[in-house]
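Data first, discussion second: the structure below is written as structure tokens.
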Amino acid sequence: APEKAADPEARVVVANFRAPVSNWALESDDAYVLSIAGCLETLAKYDQGTKTVEPMLATSWKQASDTEWDFELRKNVEFQDGTIMDAKAVAASLNHVLKATAPARAVNPKTIKKVEALDADTVRVTTPGADPLLPYRMASVNAGVLSPAAYTGKGIDPMHHCTGPFAPVSEKAGQSLTLDRNENYWDGEVKLAGGEIRYITEGATRATQVQTGEADISMSIPATSLATLEADDKISVLKADSPRTSTLYLNNSRAPFDNPELRKAATMALDLPAMAASIYEGAAQPATGPFAPSEPWANPDLTVPQVNLEEAKKLVEASGYKQEKPLEIIAITERAEFAGVGAIIQEQFKQIGLQANVVTKSYGAAEPDVLAGKYDMILSQRNRMIDIADPIGFLQSDYTCEGGYNLSHYCNEDYDKLVGQALVEKDETKRHDLYRKAGDILAEDAANVWLVNEQAIDAVGAKVQGYVQDPLTRYVLTKDLAKTS
Amino acid sequence: MTRELEFIDLSVSSGDQRLLSEARGALRAGELVAVVGRSGSGKTLLTKAIIGLLPQQLRAEGKILLDGQRLDQLDEKAMDSVRGRRISMLFQQPKRVMNPRLTIRAHLLEALGAHGWGKARQHEDRVLSLLEEVGLSPAKQIASKRPDQLSGGMAQRAMLAIALAADPEFILADEPTSSLDSILKSEVLQLLRRKQQERGVGVLFVTHDIASIQHIADRVVVVSDGQIVDQCPTALIFSKDRHSKTRELIEASLPPLRTLRATDSACLLESVDAGKNYTRRAKGPAALNPTSLRLHGGQVLGVVGRSGSGKSTFARLLAGLEQPTTGRIIQAHHNGEATRVQVIAQEPYSSFDPRLTIRTSMSAAVHRLPAIQAGERMAQAMAQVGLPEQLLDRRPGQCSGGQLQRLAIARALLTEPQVLICDESTSALDSVAQRHILDLLLDLREQMGLSLVVISHDMDVIRYVSDDVAVFYEGELVEHRPLDDFLVDPEHQHSKDLVAALDITAAVPAAG
Amino acid sequence: MARNHSREILLSPPAFILLAVVILTIAAPWISPYDPNAQSLADRLQAPSLAHLLGTDALGRDTLSRVLHGGRFSLSVALITTLFSLLVGTALGLLSAVRGGWLDELSLRVNDLLLALPEIVIALLIIAVMGPGFSTMVLSVGVVAWTPTARLVRSMAAQALSTHHVEASKHVGASRWFILRHHVLPFVAGPVLAQAALRFGLLLVLLGSLSYLGIGVQPPQSDWGSMLAEAQPHAIRSPWGMIAPGAAIFLVSFCVTLLGNRITHVLGGQDVLATEAKAEIHD
Amino acid sequence: MLRRVLGLGAAVLLSSFAVFLVPFVSPGDPVRSLLRARMDIGAADEATVQAYAEQFGLHDPMLVQFGRWLGRFATGDMGISHISGTPVADQVLPAIGVTLSLAGSALLVAIVASILLGVASATRAGQWPDRLITSITHALIAIPEYALAPLLVLLFAVRFSLLPSAGFDSPASLVLPVFILALRPISFFTVAVRSGVCQALDSEHVLAARARGLSSTHALVRHVVPHGLLPLWTMVGVWFAGLLGGSVIVEVIFAIPGMGRLIFDSIVDADIPVAQGGVVVVVACAVVVTGIVDLVHKISDPNVRIGVRHG
Ligand SMILES: Nc1ncnc2c1ncn2[C@@H]1O[C@H](COP(=O)(O)OP(=O)(O)OP(=O)(O)O)[C@@H](O)[C@H]1O
Ligand SMILES: Nc1ncnc2c1ncn2[C@@H]1O[C@H](COP(=O)(O)OP(=O)(O)OP(=O)(O)O)[C@@H](O)[C@H]1O
Ligand SMILES: [Mg+2]
Ligand SMILES: [Mg+2]
Ligand code: NI
């Protein structure tokens, strides 16, 4: 059937999983909400399709030295309040984030030394050391740019202070943000008259909202609602590999999982495809290793570990492990499905002679013990690209001996060396090679059991046109998004 | 033709139980007919059945005719226009039957059928004249009061005004005076009689006290156990050959006779300037001003006074249930033991726990004794009050009011008191039961030398039992003298009123 | 309570249903068709069939077996909490009615406070301290649950103590214990028992809501509330998973309320909900 | 009254102190918990934690922190949210507004429904309408709202598209949450009204009014119902107080930014000033509401007014 024409007066309602909690502080995750809303924009933008960093508010950038990057700003970009976006405004915006007490993951004093306006259209960013990934950092939503008027004494006021295709006009506290089309958008005509971002933290409610037509787009649909939505022909369900892998973290620093044999046995005991098909309703892929197969640095030769109970039992025996008391699997309550996952793991471990109990705890309650290495196993989930669209931060903090978020207390000098090289490697292909090798080491050592790669699932109503799913949940309301009447 | 309200074969039953059976009678306009009978005989049911307001679970049969019209066949709506307009009612507890939230004016307007918007103004004059007619003035002020802001006598007058409001032909009065003290009672009775004669209303006057109506009723109807056993003109009711139930009622009315009393001189209890002030502020009016009085062995002290005059307060002080705020109560000591005082309360039904057997309730007095001894003591006490021992194993609900009051006395006797204080102990009973209790008390005094303090608002009771009379008025002991002196020559104005009330009932002329 | 009263209460339909539920849950380990934790991922979310009378849940576990086992947890927590609040509430209510004074004042204020504080907040506070689990659930709900009982007992006891017959008993020298035993306790017992039944029903629902919010019972243990929470996402595909535990909570709570009502009825009192209403009225 | 006010003060202090204690007694680092609320899971480094704690004085001794809060509170300042950095009042006041309207409408519905049901069943005591209403009222309290709410959403929002499934903006979005919140009060209130009206029906002053010629409906409206509703008002106060923070489940299911949810979330996230502010406001509102109800009760019930105790 021929597509119906878009309605220029249409408005789109987006049910978002995140509510702003930090008074729109850009160093916090509130920046994601502003970005989704089509308000907040950054100098550069990571394109999921081409897997490259592309110009956005900056037209180009070049390295003045190892540690100095000059960003050439796009000309004639106006903030929604009518002021010109110049280098001073951009530098001020970035410096605000740098000065935050709780700094952003990608943009903080450790990664960026200073930001200054060289001239009206050039911004210079200085890093403490060589950082080939700086453009990635400038593509992070935390590096968004707001008009100087947005920074008030009482915090950030985003209303009419962005550069994006949509201008926020009002907010209902705790409920929604309403936006109108930006008539002067630098990148051309905006098809929708406006939109609304609703904060709905309950997954099931988001699913219901798109089903009833109250929302046009619902983000992050829980797996449990997938079957229902897929059965509904008025709704299209979009899926994409997300950079999140649900992981059974094993404590590599103490018995029994300090023994690699036992870790391998654990890997072999688990039926990942069954898990993906049941608890995750097919909305996740069994994991092959630390990376999702679609990522450019993933090793295509890795396969889903085969269940091999015999072999696993042998490994357990060979490890000489004598179980005295049941091991403990911590399932964090923030993720409802982990209770079920834990139950499955418990059952399957039983078959290879490992007794385990599932303990549910909030992540906050579990964290001190886990960081201190006082635990056996914890089910958790990590976004590899939460800060920048590159896994280096993840590889460094999660698996190097000194890593700040090394839950599994894994330590391997070879691995550390590879990550060290990757940190300063300017060439992207070579860098990805290093990542791949590092990943292979992790897989070889069975550092953890990577269970499933989760997928980003968005549900979109039939009237919506031009929606491009972003697995990194940054862009939803765009200039090309449209809706039929 | 005189108007007439007639009931023929009127029966009321609850399930298979007949509570009132085949009552027959008539009431003509301008006539005052007294319905007398013991408590529970069915007097109230009769009035409720006539006006068609029996409780839901009860069923009425028979004919009710108002000027030949069958009321029992009217529908509710038609009945509504009969009630109040042609037949209205007076009740025993005026305060309880008025809506505590509404003013007297609102009640009157309602009775005038004028509770719609805007009508109040039109009827204001009528409201005021009605109030004045029943002797309530300043009418304007009283009309704006709520029931709980009126005294008992005023409330009963207001009730009468409400009953008269729509100019009814008949009034059914259900014991309208039995909650009032003797002065008020005679006032209200006179008023009712006057109005009845002025307006030519037919009044059905329900009471258990035959004596109080002997001078005002035209005819008397006697009810017993749900049956009308006797009816005749008032003048004939005292003849010897009436129905036995009629005789019983007449004999119960207290004769002004007095038995011989011997008082021993030993003083058991003395009140020396004892007074009580419940409010913390010394300025506020005291419930009881300092009072001095002595009580001797075997003496019967009658205490009278208006409601709120401090009689109960004084009793509580004497019994040691309350500490006086001024002065003190001195108990005489005999053989090292202080005088034992017991109190018998007014309401027989509420002085025993309805859930417990009488035996259990009574055992409170002897719970320190071994079981066998306690049983013996109880049996002895039961004998003293003339009740069979089996009654001990019943619950209060299975006993009559008179029995319960005897049981209360028996319980008091278990503690071997020397003084028994009876605070309105007979006023909830019908006249027959009342007479029995009073006689029992006098017997006990005779046999055991008990001293009695009998508190009552009924001068007949006081006159029947007392050696000495103490009159309280507004928290003050205003007179304390031997009964004989008191009756002949009351000193205080209130005492005079009291003595006068004894005769006033007799002074109301009967319609001839 | 007289013998024939007990019979009238115990031979009623709600009592039978309750008895049946209790027996079934107690006997769960022996009569339930499957191990409640045995998974069969291939057989997940099945509709009721001969093999699985109430179908299966998202992990392919037998719903019937889980409802039976879950009942053990739900009912025992509710029962213990009810008994706890019954004991504490009666004791405190009697104490403040008999002793009065500052003790009474204090317990009134505590009551006011606990009334004003949302139950779930109180539960959260305790869970924050003790971590989730059986005893936490009992305690967190029990901390508030005694207050209606205390209020009821206080007002009923005060009422009993202010009657003329208690006064009369005192006049003839009854001891404090005599009055408590003969006049107060029998008067208070009926309504309190009825209220306890009602409270049991309400607590069952409340405890379920804690589990539903994920702050009550923790997996792999499960109760009716957590089963509801687990089943809710699949409600459209497999409504049985929700209907079974939901109906169980409803049925038990309903029957127990009816039973409480019957108790008051037999004792000649008002509706059990009205005793609760009375308990709410305090000064 | 003075006692009540003092009691309120003590209640506010006690409850806010109890909330305040939570992060000190629960496992996990409250500062990390705050940071996690701002940013997704991931461990903040020690320096950040230190800096953040410093900003809000979170590593000061417990009593110093509480004293600081008290000092501010005494001047009417509820403090600054540790997550958003904005005044607590900015979060608490909208939330209490939402909750007041939610609880208020639920109670309004419950009052109207219970008066209708209660009067209907009292006037037909013992007959089938009474028995039916009584069964319904007993069934209502046994319904777990967390099971009913999703079912109603499925039915009215998904299947028939009659009502919104969540949110709090239009009157239509209030229908389901208000209905569900009203269920339990309806049953309690109905019973209260029924027994009140039954008692009033039996009372002598109603009999007297009928004897004055008032029709039964008129007597019902003028004498029975106003009297029969007396117990209702006290219950309304108590329930209002209870619903102020007690509607967490409904607020979660219907994505309503109310007080219950705010307190729940802020305790979970360790944003203690917000939790304290919320609890203080809820407790204060509850006490004010019960105070008002007491007053109304005193004015409308002459027995209470003149100080007669009644059973
Ligand atoms: N609603 C009722 N249901 C069952 N029995 C009743 C009811 N009302 C009254 N009775 C019974 O009917 C009988 C007559 O009662 P009634 O009230 O007419 O007595 P009474 O003569 O007015 O007594 P009193 O002088 O005490 O007022 C009593 O035995 C009483 O127990
Ligand atoms: N416990 C109390 N607290 C405060 N005031 C009281 C108390 N008991 C009695 N009063 C007041 O003291 C005064 C005297 O009351 P008391 O009961 O002695 O009167 P009474 O003569 O027995 O009246 P009645 O004939 O109505 O029984 C009244 O004004 C009464 O309101
Ligand atoms: Mg009578
Ligand atoms: Mg008195
Ligand atoms: Ni009251």
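The values are calculated or read from the model by the stated rules, or taken from the named source; none is laboratory data. Nothing here was measured: the structure is a model prediction, and the numbers come from that model. Please note: Cβ atoms are built from the backbone with ideal geometry, for glycine as well, and neighbour counts cover all protein chains shown. Please note that ligands, DNA and RNA were not included when accessible areas were found on the heavy atoms of the full protein model with its side chains. Shrake-Rupley method; radii C 1.70, N 1.55, O 1.52, S 1.80 Å.
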Just the Cα atoms of region D:150-211: what Rg and Dmax do they give in Å? 19.5, 56
Using 1/(1 + (r/R0)^6) with R0 = 25 angstrom and r between the beta carbons of B:E491 and B:S137, what's the FRET efficiency to the nearest 0.05? 0.25
Could you provide, to the nearest whole Å², the per residue accessible area of the protein assembly as shown with probe 1.4 Å? 39
To one decimal place, what orientation-averaged projected area in nm² is obtained for the convex hull of the Cα set of region D:1-104? 8.8
What would the Debye equation give as log₁₀ I(q)/I(0) for region A:297-361 at q = 0.26, 0.28 Å⁻¹, counting only Cα atoms as equal point scatterers? -1.05, -1.10
Are there chymotrypsin sites (Phe, Trp or Tyr not before Pro) in region D:137-185 that DSSP marks as loop and that have at most 15 other Cβ atoms within 10 Å, and which are they? D:F160
Computed over the Cα atoms of region C:56-134, what is the convex hull's projected area averaged over all directions, in nm²? 7.3
For peptides B:382-395, D:114-127, sequence by mean Cβ density within 10 Å, most packed first: D:114-127, B:382-395
Which three extents, in whole angstrom, do the alpha-carbon atoms of the protein assembly as shown cover along their principal axes, largest first? 134, 74, 68
HN-Hα J couplings of region A:112-129 from phi, Karplus 6.51/-1.76/1.60, θ = phi - 60°, integer Hz, Gly and Pro as x? 9, 7, 7, 10, 9, 8, 6, 9, 4, 10, 10, 10, 9, 10, 10, 9, x, x
Determine ³J(HN,Hα), in whole Hz, for all residues of region A:383-394 in sequence, where each value follows from phi through the Karplus function 6.51 cos²θ - 1.76 cosθ + 1.60 and θ = phi - 60°; x replaces Gly and Pro. 9, 5, 10, 6, 8, 9, 7, 7, x, 4, x, 4
What list of ³J(HN,Hα) couplings, whole Hz, do you get for region A:67-77 from phi and the Karplus terms 6.51, -1.76, 1.60, once you set θ to phi - 60° and write x for glycine and proline? 10, 10, 10, 10, 9, 8, 7, 5, 8, 6, 8
Need one number: convex hull volume per residue for chain A, Cα atoms only, in Å³. 146
Tilt of helix B:182-199 relative to the longest C-alpha principal axis of chain B, in degrees (0 to 90, nearest 10)? 10
Space enclosed by the convex hull of the alpha-carbon atoms of region B:399-512, per residue, Å³: 139
Choose one of B:L191, B:F205, B:V223: the residue whose Cα lies farthest towards the positive end of the charge dipole of region B:185-228 (beta-carbon charges +1 Lys, Arg; -1 Asp, Glu; about the Cα centre). B:L191
Within 10 Å of the Cβ of an average residue in A:167-175, the count of other chain Cβ atoms is 4
Give me the dipole magnitude in Debye, nearest 20, for the protein assembly as shown about the Cα centre, with unit charges on the beta carbon: positive for Lys and Arg, negative for Asp and Glu. 4900
Just from the alpha-carbon atoms, what are the Rg and Dmax of region D:162-281 in angstroms? 20.6, 66
Residues of region D:128-159 losing 30 Å² or more of accessible area relative to the isolated chain, 1.4 Å probe, heavy atoms only? D:H138, D:A139, D:I141, D:A142, D:P144, D:Y146, D:A147, D:P150, D:L154, D:V158
For the Cα atoms of chain C, what angle does the longest principal axis make with the long axis of helix C:185-212, in degrees from 0 to 90, nearest 10? 30
Taking only the alpha carbons of region B:1-152, what extent do you get along each of the three principal axes, in Å, biggest first? 49, 35, 29
Sorted largest first, extent of region B:376-446 alpha carbons per principal axis (Å): 31, 30, 16
Degrees between helix A:428-445 axis and first principal axis of chain A (Cα, 0 to 90, nearest 10): 30
By how many nm would the segment from D:E54 to D:A172 grow when fully extended, if each residue of separation counts as 0.36 nm and the alpha-carbon distance is taken off? 37.9 nm
The rounded separation in angstrom of the Cα centers of region A:338-389 and region B:36-98 is 81
If B:I210, C:I126 are ordered by their accessible area, calculated over protein heavy atoms with a 1.4 Å probe, which sequence runs from highest to lowest? C:I126, B:I210
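At a Förster radius of 25 Å, what calculated FRET efficiency corresponds to the Cβ-Cβ distance of D:L6 and D:L70, to the nearest 0.05?
Working from the Cβ atoms, E equals 0.90.
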With labels modelled as points extended 7 Å from the Cα through the Cβ direction, what inter-label distance (nm, one decimal) is found for B:D125 paired with B:F238? 4.7
Euclidean distance between Cα centres, region A:172-189 to region D:117-171, Å: 41
For region C:89-206, what D do you get in µm² per second when you plug the Kirkwood radius from alpha-carbon pairs into Stokes-Einstein at 20 °C and 1.002 mPa s? 137
Along the charge dipole of chain C, Cβ charges K/R +1 and D/E -1, which of C:M137, C:W240, C:T82 sits furthest on the positive end? C:T82
Roughly how many debye, to the nearest 20, is the charge dipole of chain A about its Cα centre, given +1 on each Lys and Arg Cβ, -1 on each Asp and Glu Cβ, and no other charges? 540
Mean residue ellipticity (222 nm) of chain A, computed from DSSP H runs ≥ 4 via -39,500 (n - 2.57), nearest 500: -8000 deg cm²/dmol
Return the average number of partner chain Cβ atoms within 10 angstrom of each residue Cβ along peptide A:270-276. 1
Would you kindly find the accessible area of A:Y46, with a 1.4 Å probe and non-protein molecules such as ligands, DNA and RNA excluded, rounding to the nearest 10 Å²? 10
Calculated from DSSP helices alone, with each H run of at least 4 adding -39500 (n - 2.57) and the total divided by the residues of chain D, [θ]222 nm to the nearest 500 comes to -24000 deg cm²/dmol
Of C:R109, B:R24, C:R199, which has the most accessible area with a 1.4 Å probe, and how do the rest follow in descending order? B:R24, C:R109, C:R199
Please compute how much accessible surface disappears when D pairs with B, both sides summed, using a 1.4 Å probe, and round it to the nearest 100 Å². 2200
Dipole-positive endmost among A:S176, A:C162, A:P135 within region A:129-192 (Cβ charges, Cα centre): A:S176
Send over the per residue convex hull volume for chain D, Cα only, as a whole number of Å³. 169
Let me check something: with ligands and nucleic acids excluded, how do A:C401, A:C411, C:C255 order by accessible area (1.4 Å probe), largest to smallest? A:C411, A:C401, C:C255
Beyond 22 Å, what share of the Cα-Cα pairs of region B:350-469 remains, rounded to the nearest whole percent? 33
Mean-position separation - Cα centroids, region B:263-339 and region C:33-77, in angstrom: 78
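Charges at C-beta only: +1 for Lys and Arg, -1 for Asp and Glu. How large is the resulting dipole of region B:92-238 about its Cα centre, in Debye rounded to 20?
That gives region B:92-238 a dipole magnitude of about 660 debye.
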Based on the Kirkwood radius over alpha-carbon pairs, what value in µm²/s does the Stokes-Einstein equation return for the translational diffusion coefficient of chain B at 37 °C and 0.692 mPa s? 132
Each residue of A:217-229 has, on average, a number of other protein chain C-beta atoms within 10 Å of its C-beta equal to 2
If I model a spin label as a point 7 Å beyond the Cα along the Cα-Cβ vector, how far apart are those points for D:L14 and B:R395 in nm? 3.9
When D and A pair up, the total accessible heavy-atom area removed from solvent (1.4 Å probe), in Å² to nearest 100, is 2900
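Among C:239-252, A:310-323, what's the highest-first ranking by average C-beta atoms within 10 angstrom per residue?
The packing order, highest mean first, is C:239-252, A:310-323.
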